[in-house]
Amino acid sequence: MKAIVQRVTRASVTVGGEQISSIGRGICVLLGLSVEDTQKELEHMVRKILNLRVFEDESGKHWSKSVMDKQYEVLCVSQFTLQCVLKGNKPDYHMAMPTDQAETFYNSFLEQLCKTYKPELVKDGKFGAHMQVHIQNDGPVTIELESPAAPIDSKQLAKLEKQQQRKEKTRPKVPSESSRERNVPRSKNDPSASSGAEGDVSSEREP
């Protein structure tokens, strides 16, 4: 699970020209779910987001207070593109949680966030919709969070290994420099064509 947390003075989400949610001072959270995420990663991320110290205290000391300490608002937006893996210049999203599973998991994340914090201070975008997210970043302050890597299931690991093996088999072989040299015939007059080891000076010895 990945999250981009931005400290904001205000933020809002618009769908089809209609504003569906907005917050004042607080944090905007862009959340990307992975195929490997479980309840453990969900709880870890909720704790990190709510306790991230990106605000100043009453005396003006920076990085001292969290969104919960300040009783500010939180705007969450689901963003599967955070799980992007580039193949050349083309984004690939095979690591993102499938849509039908992700919606249920994302709703569980929101429930946990509201349960840990205050429901009236937690706002949301619209899952699966084409959204315009308006963010007025304060600072700017942008923090990237990632949950600890979950152990990969043995069956999943075997599947990934087979996929890699297939890629290796279909990859065109390019002859190495040394093999190209072995296949190039050398002239008898070529001084480098000596059959002796490197540094052999036998041809220079007097009879």
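The values are calculated or read from the model by the stated rules, or taken from the named source; none is laboratory data. All values derive from a computational prediction rather than experimental measurement. Virtual Cβ from ideal backbone geometry, glycine too; neighbours counted across all protein chains shown. The accessibility values were calculated without ligands, DNA or RNA, using every heavy atom of the protein model including side chains. Shrake-Rupley method; radii C 1.70, N 1.55, O 1.52, S 1.80 Å.
Computed quantities for the displayed model
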{"item": "Local net charge near residue 96, Cβ-Cβ under 13 Å (Lys/Arg +1, Asp/Glu -1)", "result": "-4"}
{"item": "Heavy atoms of residue 82 accessible to a 1.4 Å probe, total area in Å² rounded to 10", "result": "40"}
{"item": "Over 31 Å (Cα to Cα) - which of 70/90; 87/123; 61/115; 61/118 fall in this group", "result": "70/90; 87/123"}
{"item": "In Å, descending, principal axis extents of the Cα set of segment 25-158", "result": "55, 31, 25"}
{"item": "Estimated distance in nm for a label pair at residue 62 and residue 137, the labels positioned 7 Å out from Cα along Cα-to-Cβ", "result": "1.5"}
{"item": "For a label point 7 Å along the Cα-to-beta-carbon line of residue 53, residues of segment 96-131 with backbone N under 18 Å", "result": "none"}
{"item": "Pairwise centroid distance, computed over Cα atoms, of segment 74-118 with segment 1-66, Å", "result": "13"}
{"item": "Low-density loop cleavage sites - GluC sites (Glu not before Pro) in segment 57-104, where at most 10 other Cβ are within 10 Å (DSSP)", "result": "58"}
{"item": "In range of the label at residue 144: residues from segment 68-87 whose backbone nitrogen is under 19 Å from the point 7 Å along Cα→Cβ", "result": "77-87"}
